[in-house]
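Novice: Below are the structure tokens for one structure; questions will follow.
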Amino acid sequence: KYKDKLAKLERESKDSSLGQVKRMKAANMLAQSKAKPTLALQTAKVTLTASEKRATKAAQKAKTAADKSAAAAQRAAVALQEAKSAREISEAAEKQAIESAKRAEDARKAAEEAVVAAQEAFAKAEAELKKLLAKPVGSGQGSRWWLQREFEDMKKYMPKSKLKKFMKQKKQEAA
């Protein structure tokens, strides 16, 4: 078809029976047809250009995705380091908490022992005071009064719960 068209235009451009305008028109059309590429070549060029554009876009998308994944991997690595650091800190805090709990338990036991010792000392002091008060002494009424007053003051400032417990214990001992 294309070759037939070229042959027809070439014949018309060389046919002297035709007028000058028709021959020149045919020669011009022939030159234009030879200068421009064929339809198959045009189609191939358009297809190639479109393929190049698609490939460029796909490469850009792939590069963008690769950059995003690299950034995500870097953020994940940083998050992993932070998590490891936080785990180490929490483990250290847990150890400190366990040690503090042990120290607190030891302190509680020591405080309970101190309370028992104080109650025993208080009981001894009360027994001694009763012995002193029971002895008839001539003019030592002031010192007896003073000892009794100090004992009452100690009772007054002792915590109520400890005093009740102590008094209950004393009643049991007296009985």
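Novice: Would you check which residues across segment 142-158 are in contact with a helix residue (DSSP H, G or I) (Cβ under 8 Å, 6 or more places away or on another chain) and either among the hydrophobic types (A, V, I, L, M, F, W, C) or within 13 Å of PHE122 (Cβ to Cβ) (or both) and list them? Break it down stepwise before answering.
Specialist: First, the residues of segment 142-158 that are in contact with a helix residue (DSSP H, G or I) (Cβ under 8 Å, 6 or more places away or on another chain): 144, 147-148, 151, 154-155, 158.
Passing the criteria: LEU147, PHE151, MET154, LYS155, MET158.
Novice: Report yes if LYS53 is at pLDDT 85 or above and open to solvent by 70 Å² or more (accessible area, probe 1.4 Å), otherwise no. Steps first, answer last, please.
Specialist: Numbers: at pLDDT 85 or above: yes; open to solvent by 70 Å² or more (accessible area, probe 1.4 Å): yes.
Here the answer is yes, as LYS53 does meet what is asked.
Novice: If you take the residues in segment 35-80 that are assigned to a helix (DSSP H, G or I) and among the β-branched types (Val, Ile, Thr), which one is farthest from ASP4 (Cα to Cα)?
Specialist: Step one: list which residues in segment 35-80 are assigned to a helix (DSSP H, G or I), which gives 35, 39-80.
Now narrow it down to the ones that are among the β-branched types (Val, Ile, Thr): 43, 46-47, 49, 56, 64, 78.
Numbers: THR43: 20, VAL46: 25, THR47: 26, THR49: 29, THR56: 40, THR64: 52, VAL78: 72 Å.
Restricting to residues being assigned to a helix (DSSP H, G or I) and among the β-branched types (Val, Ile, Thr), the top hit is VAL78.
Novice: Mind checking which pairs have a first residue in segment 143-154 that is within 14 Å of LYS131 (Cβ to Cβ) and a second that is at pLDDT 75 or above and assigned to a helix (DSSP H, G or I), Cβ under 6 Å, 6 or more apart or different chains?
Specialist: So the pair list comes out as LEU147/LEU129; PHE151/LEU129.
Novice: Return a yes/no flag: does segment 83-93 have any residue that is under 30 Å from SER161 (Cα atoms), part of a helix (DSSP H, G or I), open to solvent by 60 Å² or more (accessible area, probe 1.4 Å) and of a type outside the set (Gly, Ala, Ser). It would help to see each step written out before you state the result.
Specialist: Just the residues of segment 83-93 that are under 30 Å from SER161 (Cα atoms), to begin with: none.
Within segment 83-93, not a single residue is under 30 Å from SER161 (Cα atoms), part of a helix (DSSP H, G or I), open to solvent by 60 Å² or more (accessible area, probe 1.4 Å) and of a type outside the set (Gly, Ala, Ser).
Novice: Only one of these is closer than 30 Å to LYS8 by Cβ and loosely packed, with under 10 Cβ neighbours inside 10 Å: ALA35, ALA44. Name it. Write out each step before concluding.
Specialist: Numbers: ALA44 fails: loosely packed, with under 10 Cβ neighbours inside 10 Å.
After ruling out the rest, the residue left standing is ALA35.
Novice: Can I ask one more? In segment 10-34, which residues are touching a Lys or Arg at 6+ places or on another chain (Cβ under 9 Å), assigned to a helix (DSSP H, G or I) and small (Gly, Ala, Ser)?
Specialist: SER13, ALA26, ALA27, SER33 - these are the residues of segment 10-34 that are touching a Lys or Arg at 6+ places or on another chain (Cβ under 9 Å), assigned to a helix (DSSP H, G or I) and small (Gly, Ala, Ser).
Novice: Provide a single number: the residues in segment 1-31 that are open to solvent by 100 Å² or more (accessible area, probe 1.4 Å) and free of Cβ contacts under 8 Å to residues at least 24 places away in the same chain. I'd like the intermediate steps shown before the answer.
Specialist: Start the filter on segment 1-31 by keeping residues that are open to solvent by 100 Å² or more (accessible area, probe 1.4 Å), which leaves 1, 3-5, 8, 11, 14, 20-22, 24-25.
In the following step, the residues that additionally are free of Cβ contacts under 8 Å to residues at least 24 places away in the same chain were identified as 1, 3-4, 8, 11, 14, 20-22, 24-25.
Final tally of qualifying residues: 11.
The values are calculated or read from the model by the stated rules, or taken from the named source; none is laboratory data. Just so it is clear, the model here is predicted, and its values are computed rather than measured. Cβ sites come from the backbone with ideal geometry, for glycine too, and all protein chains shown count toward neighbours. When the accessible area is computed, the model is the full protein with side chains, heavy atoms only, and any ligands, DNA or RNA have been set aside. Shrake-Rupley method; radii C 1.70, N 1.55, O 1.52, S 1.80 Å.
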